[in-house]
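So the structure is just underneath, and the comments pick up after that.
The values are calculated or read from the model by the stated rules, or taken from the named source; none is laboratory data. Predicted model, so just to flag it, every value in this text is computed and none were measured. Cβ sites come from the backbone with ideal geometry, for glycine too, and all protein chains shown count toward neighbours.
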Amino acid sequence: MQIGVAYSEHAQQVWMTIDVPEATTVREAIDRSGILQQFPTIDLDAQKVGIFGKVVKPDTALRPGDRIEIYRPIVCDPQTVPRRDGVGADDDE
């Protein structure tokens, strides 16, 4: 069955389609994809993974057409980042 694997860093995005056997798990598909060799900074023990935007466990079985996403850790605390009410809000001053 075909599934997708997606990962993004600041300067590079990868979205690949690979063939995996039926009953393959998220972790097995990530291992088969070779993405861990492409991006050695990925730490699946620390980073979350998902299927179509929904966080799942690495032992989740895949279905044909699923897209695995490897999420990067949040690098700033959203509570401390100033909110912007709208694009260009400072332009009127």
Scan of the stretch 26-54 for residues that are exposed (fewer than 11 other Cβ atoms within 10 Å of the Cβ) and β-branched (Val, Ile, Thr), ordered by number: Thr41
Of the residues in the stretch 48-62, those that are assigned to a loop (DSSP other than H, G, I, E, B) and basic (Lys, Arg) come to Lys48, Lys57
Could you list, ordered by first residue, the pairs with Cβ atoms under 9 Å in which the first is in the stretch 44-55 and within 12 Å of Arg27 (Cβ to Cβ) and the second is of a type in the set (Lys, Arg) and outside any loop (DSSP other than H, G, I, E, B), at least 6 apart or interchain? Leu44/Arg27; Val49/Arg27
Going through (1) loosely packed, with under 10 Cβ neighbours inside 10 Å; (2) in contact (Cβ under 8 Å) with a residue 24 or more places away in the chain one by one, Tyr7 fails only at (1)
For Ala23, indicate whether it is surrounded by fewer than 13 Cβ atoms within 10 Å (Cβ to Cβ), within 22 Å of Gln2 (Cβ to Cβ) and either small (Gly, Ala, Ser) or touching a His at 6+ places or on another chain (Cβ under 6 Å) (or both). yes
Verdict on Val14 being surrounded by 11 or more Cβ atoms within 10 Å (Cβ to Cβ), at pLDDT below 95, touching a strand residue (DSSP E or B) at 6+ places or on another chain (Cβ under 8 Å) and in a strand (DSSP E or B): yes
Hey, can you tell me all the residues within the stretch 17-32 that are outside any strand (DSSP E or B) and on the phi < 0 side of the Ramachandran plot? Val20, Pro21, Glu22, Thr24, Val26, Arg27, Glu28, Ala29, Ile30, Asp31, Arg32
Checking Leu62 against (1) modelled with pLDDT of 95 or more; (2) within 16 Å of the chain's Cα centre (by Cα); (3) exposed (fewer than 11 other Cβ atoms within 10 Å of the Cβ), which single condition isn't satisfied? (3)
Please go through the stretch 26-59 and give me each residue that is more than 12 Å from the chain's Cα centre (by Cα) and either of a type in the set (Gly, Ala, Ser) or within 14 Å of Gln2 (Cα to Cα) (or both), ordered by number. Glu28, Ala29, Arg32, Ser33, Gly34, Ala46
